[in-house]
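Q: My questions will all concern the structure given below.
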Amino acid sequence: MQLIVHNKGGAVIPMFASYVNACSDKAAHGPVVGGNIDLDGLRIAERWWFA
C-alpha cells in the first residue's frame, strides 16, 4: 500500500493565504462596491471614507 501511494498518490502542499479582513463601524462606503475583494477594485481611496 505504501508503494502504491508513493507512486500514484497525490501531493498535499500547504498554503497560507495572506488575506486579513476586519470590520468597523468607523469605515463607510457608497452604494457601489467592486466585485473583486482586493481594495474594492483598486478604488478604495475613491469609494471609502472614515465615518
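Q: Taking the condition surrounded by 10 or more Cβ atoms within 10 Å (Cβ to Cβ) and of a type in the set (D, E), does D40 pass? Don't jump to the end; show me each part of the working.
A: Details: surrounded by 10 or more Cβ atoms within 10 Å (Cβ to Cβ): yes; of a type in the set (D, E): yes.
Yes; evaluated as a whole, the condition is true for this residue.
Q: Turning to a different aspect of this structure: Among the residues of the range 9-38, count how many are over 24 Å from A51 (Cβ atoms) and either of a type in the set (V, I, T) or in contact with a helix residue (DSSP H, G or I) (Cβ under 7 Å, 6 or more places away or on another chain) (or both). Quick ask: steps written out before the conclusion?
A: The initial filter retains those residues of the range 9-38 that are over 24 Å from A51 (Cβ atoms), namely 9-18.
Subset that is either of a type in the set (V, I, T) or in contact with a helix residue (DSSP H, G or I) (Cβ under 7 Å, 6 or more places away or on another chain) (or both): 12-13.
So the answer is 2.
Q: What's the number of the only condition in (1) in contact (Cβ under 8 Å) with a residue 24 or more places away in the chain; (2) open to solvent by 90 Å² or more (accessible area, probe 1.4 Å) that K8 fails to meet?
A: Here K8 meets the rest and fails (1).
Q: What are the residue pairs meeting all of these: first residue in the range 28-51, first residue of a type in the set (F, W, Y), second residue part of a loop (DSSP other than H, G, I, E, B) and open to solvent by 100 Å² or more (accessible area, probe 1.4 Å), Cβ atoms under 6 Å, and 6 or more apart or on different chains?
A: F50/K26
Q: Now a separate question. Please enumerate the residues belonging to the range 24-33 that are open to solvent by 80 Å² or more (accessible area, probe 1.4 Å) and within 17 Å of A45 (Cα to Cα).
A: Going residue by residue through the range 24-33, those that are open to solvent by 80 Å² or more (accessible area, probe 1.4 Å) are 25-26, 29, 31-32.
Once the filter is applied, which keeps residues that are open to solvent by 80 Å² or more (accessible area, probe 1.4 Å) and within 17 Å of A45 (Cα to Cα), the range 24-33 yields K26, H29, P31, V32.
Q: Of all residues in the range 10-45, which are at pLDDT below 80, hydrophobic (A, V, I, L, M, F, W, C) and not in a loop (DSSP other than H, G, I, E, B)?
A: Result: L39, single match.
The values are calculated or read from the model by the stated rules, or taken from the named source; none is laboratory data. Treat the numbers as computed from the prediction; the structure is a model and nothing was measured. Positions of Cβ are generated from backbone atoms using ideal geometry, with glycine treated the same way; all protein chains shown enter the neighbour counts. These area figures cover heavy atoms from the full protein model, side chains too; ligands, DNA and RNA do not enter into them. Shrake-Rupley method; radii C 1.70, N 1.55, O 1.52, S 1.80 Å.
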